[in-house]
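Enquirer: Below is the structure I would like to discuss, written out as structure tokens.
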Amino acid sequence: MVPGTVGKVNARKLDMEEDADRDLAYGIARDRLPVSNRFGTKNTGELFMFYALYAFPDNLYYLEEEDAVVMFQRDGERIDLFDVACRENVDVRKIAEKLADGDTRQIVFHFTPEETEGMQTDAFHGDDVLFVLPMKSGEGIPDGVKHPLTAQA
């Protein structure tokens, strides 16, 4: 597919029916770094691909400059950013700002970005249950985090 512009970034919409696009998305998702050191996941390439193939096949873009696969939906003035998969550390907030256009008034992150300063954070209310085995005594889930949507089975 021919590259185009999404918001203020050059992006190529991925076609999950095409082997090359599916392989590209899976390769990046498989080798990805966590989207955030505050609260991210790793080794979830297969779950990412489940969402890419069945939940959001029309909402997947490749950003060549960042070598990232971005999963998002635009609904009027709102962007729902579900995931940013990449092999290098990137500033997901800057990517979100690049996805926005002049009509965008709200960007909702469905994961915890690394930096939330200056952002409005709302408490998550849902039926999802997350079980965490602390790696060190006394550590638990940090306050104000959202388990990444594309890492939920």
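Enquirer: In the range 1-121, if the dipole is taken from +1 on Lys/Arg beta carbons and -1 on Asp/Glu beta carbons about the Cα centre, which of 95, 27, 9 is farthest to the positive end?
Expert: 95
Enquirer: Give the residues of the range 57-74 whose amide nitrogen is closer than 17 Å to a point set 7 Å from the Cα of residue 108 in the direction of its Cβ.
Expert: Correct set: 59, 71-74.
Enquirer: Of the heavy-atom accessible surface of the range 44-115 (probe 1.4 angstrom), what whole percent is carbon and sulfur?
Expert: 43 percent
Enquirer: Would you please give the residues with an amide H less than 5 Å from that of residue 68, counting only those at least 5 places away or on a separate chain, with H modeled from the backbone geometry?
Expert: For residue 68, the qualifying residues are 63.
Enquirer: Please list, ordered by chain and number, the residues whose modelled amide H lies under 5 Å from the amide H of residue 7; skip anything fewer than 5 residues away on the same chain.
Expert: none
Enquirer: Then there is this: If you stretched the chain out fully between residue 38 and residue 97, how much longer would it get, using 0.36 nm times the residue separation minus the C-alpha to C-alpha distance?
Expert: Length difference between fully extended and current span is 19.2 nm.
The values are calculated or read from the model by the stated rules, or taken from the named source; none is laboratory data. Note that the structure is predicted; figures quoted are calculated from it, not measured. No Cβ is skipped: glycine too gets one built from the backbone with ideal geometry, and neighbour counts run over all protein chains shown. Keep in mind that these areas ignore ligands, DNA and RNA; they rest on the heavy atoms of the full protein, side chains included. Shrake-Rupley method; radii C 1.70, N 1.55, O 1.52, S 1.80 Å.
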